[in-house]
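Accompanying notes for the structure given below.
The values are calculated or read from the model by the stated rules, or taken from the named source; none is laboratory data. Bear in mind that the values here come from a model prediction, so they are computed numbers and not experimental data. Glycine also receives a Cβ, built like all others from the backbone with ideal geometry; neighbour counts cover every protein chain displayed. Please note that ligands, DNA and RNA were not included when accessible areas were found on the heavy atoms of the full protein model with its side chains. Shrake-Rupley method; radii C 1.70, N 1.55, O 1.52, S 1.80 Å.
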Amino acid sequence: MMRMSLTLLTTAGMTMQTAHAAGYQFDVQGVKAQGSANANAAEAADPSTIFYNPAGLTLLDGTQMVMGATAVVPHSTFHYDSVTTATGQEASPVDGGGSYAKEAAIPHGYISHKLNEDLTVGVGVFVPFGAKISYDDQFAGRYYGESIDFKSLAINPSLGYRLNERHSIGLGVSAQYLDVKLDNSLETSSIAYGSCLAGGGTSALCSAAAMGYTGQPDIRAHITGTDWGYGYNLGYLYTPSADTRIGLAYRSHIAQKLEGRASYRVSSTLPGGSSSPLNGGIYTAMADSDSTTYVTTPETISLNAYHQLSAQWAIMGDVTWNRQSRMQQIQINMPTAQIPERKITYKTAWHNSWRASVGARYQFDSQWTLRAGYMYDQTPVTDASYALTVLPDASRQLFSVGASYRIDARNSIDLAYSYLKLHSATVNRSDDDYDSSNGTPGTLQGSYHTHMNLFGLGYVHQF
């Protein structure tokens, strides 16, 4: 049964995702956790503690399995104020790009087994990062990124060891797979100018050649990359009394080199496409290329607590630090592409960020358990000039409720609903990555508005 469950989860993990945590992280990796707005790491209520704090495995009896998914239904709009091309002209045609954030189903699965009184082992499979953003063809910010499909999957074997009645530790290792597809529109006259220069033409000759492409259909770049990377996570759980637990957890960064291809869609109606000066024309200049992108996912440190107030009530909380400053830029290297500098760079300059959540659990009766929570998540984007169209982000608030229904001694169902509200986020970019030699960067000014509904469903079985 475990093999079938992991196979189904792996397949689901490669479906589309929409990030609902700061940056491109998924902060909900269990339905009980969703119901308490991610405040329950020290509760260790089921095997999802593998993700949140592996030391919590020591609190689980027998063999347990949990499977679930969170469906994300976003509502998003972009309002643009002005946009110019890399040649300094007003971009045309342009629109808001439609509803850019797409629906998602984010799965997870965990299993744990208690070997003896002190040692418990387990494995988790989940989706730690991702984004599914796609704009309409006439999106005002298409020169800064038109779509991204960022998928991930992590396999996380773990163990928890009880040192004594008060102290437990946990350790896990992670194999992480990333699969990224990115689309970016390129303003044709600027690319004609740059590819001409790359072929050895003079500035005057290339400027004249580029004039024939002004106002022509954009060139569209499609870039792919995949890679496996490896990291680890640690946990510690202190139990000063039967009613109180304090946890500390760390998840490492993972550095990955995504290798793939860059291909280009060039309109067949471009004037002189096969006979422009140098390089055999713009079609030849935009031939496919290898591509390489380096991504380092951030490490996190979490402090969490749980306290049983009475037989019915418990309260909990969590504070998490994310080292998002590892993301200073996204640079796609294309060694054989005939564009300036043979790369595309998205400047980010992200800062480290904090997330804090509080929650409560109420034992209604022997079958029903109710949950609620609130979370505030700080964005790593602190400057509108570094806002990304393919990873639009803002600080957010999450309001959650949840319930667990015990079917019998071995089976239970978890339910959760969350409302996620992002603050309005502005973008004011001015980049010249495609024509750095002529000094006329394009600009994009506008604002993002997003909120999401999250629906969680999970199943827990104790063997």
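What number of residues in region 136-158 are assigned to a loop (DSSP other than H, G, I, E, B) and open to solvent by 10 Å² or more (accessible area, probe 1.4 Å)?
3
With respect to LEU59, determine if the residue is open to solvent by 40 Å² or more (accessible area, probe 1.4 Å) and at pLDDT 90 or above.
yes
How many of the residues making up region 311-331 are surrounded by 17 or more Cβ atoms within 10 Å (Cβ to Cβ), polar (S, T, N, Q) and in a loop (DSSP other than H, G, I, E, B)?
Summing the residues that are surrounded by 17 or more Cβ atoms within 10 Å (Cβ to Cβ), polar (S, T, N, Q) and in a loop (DSSP other than H, G, I, E, B) in region 311-331 gives 0.
Only one of LEU186, LEU258, LEU237, LEU205 is farther than 30 Å from TYR294 by Cα and open to solvent by less than 10 Å² (accessible area, probe 1.4 Å); which?
So the residue among LEU186, LEU258, LEU237, LEU205 that is farther than 30 Å from TYR294 by Cα and open to solvent by less than 10 Å² (accessible area, probe 1.4 Å) is LEU237.
Restricting to region 292-316, name every residue that is farther than 20 Å from GLN34 by Cβ and either touching a Pro at 6+ places or on another chain (Cβ under 6 Å) or polar (S, T, N, Q) (or both).
THR292, THR293, THR296, THR297, GLN308, SER310, GLN312
Do you know which residues across region 62-92 are modelled with pLDDT under 85 and not polar (S, T, N, Q)?
TYR80, ASP81, VAL83, ALA86, GLY88, GLU90, ALA91
Here is a check on your reading of the model: is SER404 at pLDDT below 95, buried (at least 17 other Cβ atoms within 10 Å of the Cβ) and among the small types (Gly, Ala, Ser)?
Spelling it out, it is not the case that SER404 is at pLDDT below 95, buried (at least 17 other Cβ atoms within 10 Å of the Cβ) and among the small types (Gly, Ala, Ser).
GLY124: under 26 Å from the mean Cα position of the chain (by Cα) and at positive phi, yes or no?
Working: under 26 Å from the mean Cα position of the chain (by Cα): yes; at positive phi: no.
When the stated conditions are applied, GLY124 does not pass them.
Give the residues of region 108-129 that are assigned to a strand (DSSP E or B) and open to solvent by 10 Å² or more (accessible area, probe 1.4 Å), sorted by residue number.
Hits for region 108-129 are ILE111, HIS113, LYS114, LEU119, VAL121, GLY122, VAL123, PHE129.
Can you tell me which residue within region 420-459, out of those that are open to solvent by less than 20 Å² (accessible area, probe 1.4 Å) and among the β-branched types (Val, Ile, Thr), is modelled with the lowest pLDDT?
Looking at the filtered set, the residue picked out is VAL427.
For the structure I just gave you, tell me whether THR389 is hydroxyl-bearing (Ser, Thr, Tyr), surrounded by 14 or more Cβ atoms within 10 Å (Cβ to Cβ) and modelled with pLDDT under 95.
Yes; evaluated as a whole, the condition is true for this residue.
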